[in-house]
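Chemist: Below is one structure. I have some questions about it.
The values are calculated or read from the model by the stated rules, or taken from the named source; none is laboratory data. What you see is a predicted model; the values in this text were computed from it and never measured. Virtual Cβ from ideal backbone geometry, glycine too; neighbours counted across all protein chains shown. Protein only, heavy atoms only, side chains kept; ligands, DNA and RNA dropped before computing areas. Shrake-Rupley method; radii C 1.70, N 1.55, O 1.52, S 1.80 Å.
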Amino acid sequence: MSGLALILSAVAAGLLVLHLVAVGLYLRRLGRGAPQGCAAHGGVIGQPFVTLLRPVCGLDPFDTETLRSSFRQDYPRYEVIFCVQSPDDPVIGLVRRLMAEHPHVPARLLVGDDRVTGNPKLNNVWKGWQAAGADWVCMTDSNLLLPRDYLSTVVASWGPDTGLVSAPPVGVRPGNLAGHLECAFLNGNQAVLQYAADSLGLGFAQGKTLFFNKPLLEAAGGLRRLGRTLAEDAAATGVIRGLGRRVTLTPLPFAQPIGRRAIAQVWTRQLRWSRVRRDAFPALFLFEVFNGGVLPIACAGLAVILSGAPAALGLGYAALWYLTEVLLARRAGWPLGWQGAVAMILRDLMMPALWLATYARRGFEWRGSTLAPETAPDPA
């Protein structure tokens, strides 16, 4: 076997091992589930009064369901604050109707645009953060479907050295192939890798769920500090680690209904997140070119060709890579079927192109605004 074939074989083998370890760590997490009684008793902080803070903007197909889940929490003491920037936003009518349907849950809708940072999401929730009646604030995106034990689980996940609790989303209920593609990115790739990092003691935040102790974050600079970059979750990870505390993930992720998507929508969203990661973690982002199955399978295939080994070895490598993810999707109850299997391959084919496109320029379009790192001022 030539030297190049040996190098390619080693790279392919190493990446496959990492893939199998990440999947194995998630499978182990599925086997454990949530600790028995943990959510019921609130962990180390008990069950404090919590402010559930939900930024809203525009109307999406699942908004009625996802926002209604805010009011159906099996948690003893909490309030809900919805934040919207424009008084003409069509979501206002829905929020007011849901509030009227659930008068037993303390809830408020706050309208206004506070441009205190370069991060539009933080500007939207600024008024809710200031108005929160609790020292414990859970910022939750509007498209996340909250199970009844959502707040209980988030609160119970706070450990002795925790400074922030977070959780990635997993996509559910895709409506077409592009919807399955969105799920493939969220589930078998991003959630698996984030939980693998957490299992290795390297947990980092994801903006869908951010559960803070408000006095702790305020002492470190508050939302203004997080608004120095476009990625409030990456900024929060850095702030919390700087305090000598850790980001803790909930035992398992929470569902985000996907519905129908266009391929262009998936591309744009993934490119936006990719550019945020590049600016937040430039050195680490260089290694994202190895993410997904395309490069490992290509290395294995070239090694087979150069060494004259049977072609079945390369095919077996590719089959093992994807069958492992199929097994995980079945075990986790994630969307699958033939579209889900095709989406895994399509996702991995897109990843190298996304990685290259990320370097074409900085910044991105988000809800009609052009955002770049330069738009996020340093409030110091």
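Chemist: Report yes if some residue within region 241-262 is among the β-branched types (V, I, T) and more than 17 Å from the chain's Cα centre (by Cα); otherwise report no.
Modeler: No: zero hits.
Chemist: Do we have F212 as within 29 Å of G340 (Cβ to Cβ) and touching a strand residue (DSSP E or B) at 6+ places or on another chain (Cβ under 9 Å) here?
Modeler: Here the answer is no, as F212 does not meet what is asked.
Chemist: Any idea how many residues of region 280-323 are among the polar types (S, T, N, Q) and crowded, with 18+ Cβ neighbours inside 10 Å?
Modeler: Matching residues across region 280-323 total 1.
Chemist: How about region 327-340: which of its residues are in a helix (DSSP H, G or I) and either touching a Cys at 6+ places or on another chain (Cβ under 8 Å) or surrounded by fewer than 17 Cβ atoms within 10 Å (Cβ to Cβ) (or both)? Walk me through how you get there before you give the answer.
Modeler: Narrowing region 327-340 to residues in a helix (DSSP H, G or I): 327-332, 337-340.
Passing the criteria: L327, R330, R331, G337, W338, G340.
Chemist: Sticking with this one: Tell me, which helices (runs of 4 or more DSSP H) wholly within region 173-260 include 1 or more residues that are over 30 Å from L18 (Cα atoms) and in contact with a Pro (Cβ under 7 Å, 6 or more places away or on another chain)?
Modeler: 222-226
Chemist: Checking F290 against (1) under 14 Å from A12 (Cα atoms); (2) modelled with pLDDT of 95 or more; (3) of a type outside the set (A, V, I, L, M), which test does it fail?
Modeler: F290 satisfies all of (1) under 14 Å from A12 (Cα atoms); (2) modelled with pLDDT of 95 or more; (3) of a type outside the set (A, V, I, L, M) except (2).
Chemist: Looking only at region 89-106, which residues are farther than 13 Å from T64 by Cα and within 26 Å of the chain's Cα centre (by Cα)?
Modeler: Of everything in region 89-106, just one residue is farther than 13 Å from T64 by Cα and within 26 Å of the chain's Cα centre (by Cα), namely D89.
Chemist: Okay, next question. Looking at (1) open to solvent by less than 30 Å² (accessible area, probe 1.4 Å); (2) modelled with pLDDT of 95 or more, can you tell me which one G363 breaks?
Modeler: Looking at each condition in turn, G363 falls short on (2).
Chemist: While we're on this one: Out of (1) buried (at least 24 other Cβ atoms within 10 Å of the Cβ); (2) at pLDDT 95 or above, what's the single condition that is false for L230?
Modeler: Against the list (1) buried (at least 24 other Cβ atoms within 10 Å of the Cβ); (2) at pLDDT 95 or above, L230 comes up short only on (2).
Chemist: List every residue pair whose Cβ atoms sit under 8 Å apart, with the two residues 6 or more apart in sequence or on different chains, where the first one lies in region 2-16 and is of a type in the set (S, T, Y) and the second, anywhere, is open to solvent by less than 30 Å² (accessible area, probe 1.4 Å).
Modeler: Filtered contacts from region 2-16: S9/C299; S9/A300; S9/A303.
Chemist: Sticking with this structure for a sec: At least 3 residues that are of a type in the set (F, W, Y) and open to solvent by 60 Å² or more (accessible area, probe 1.4 Å) in each: list the strands (runs of 3 or more DSSP E) lying fully within region 1-119 that qualify. Show your work before the answer.
Modeler: Working: elements: 50-55, 78-84, 107-111.
Once the strands (runs of 3 or more DSSP E) in region 1-119 are filtered for at least 3 residues that are of a type in the set (F, W, Y) and open to solvent by 60 Å² or more (accessible area, probe 1.4 Å), nothing remains.
Chemist: Right, next: Residues that are modelled with pLDDT under 95, under 18 Å from the mean Cα position of the chain (by Cα) and surrounded by fewer than 19 Cβ atoms within 10 Å (Cβ to Cβ): does region 202-220 have at least one?
Modeler: Within region 202-220 (the criterion being modelled with pLDDT under 95, under 18 Å from the mean Cα position of the chain (by Cα) and surrounded by fewer than 19 Cβ atoms within 10 Å (Cβ to Cβ)), the answer is yes, since at least one residue qualifies.
Chemist: From the list V105, V95, V23, V84, pick out the single residue that is modelled with pLDDT of 95 or more and within 30 Å of V304 (Cα to Cα).
Modeler: V23
Chemist: Can you run down the residue pairs with Cβ atoms below 7 Å, 6 or more apart or on separate chains, where the first is in region 45-72 and under 26 Å from T162 (Cα atoms) and the partner is part of a helix (DSSP H, G or I) and open to solvent by 20 Å² or more (accessible area, probe 1.4 Å)?
Modeler: Filtered contacts from region 45-72: P55/K121.
Chemist: Identify, by number, the condition in (1) under 18 Å from the mean Cα position of the chain (by Cα); (2) surrounded by fewer than 20 Cβ atoms within 10 Å (Cβ to Cβ); (3) small (G, A, S) that S166 doesn't meet.
Modeler: (2)
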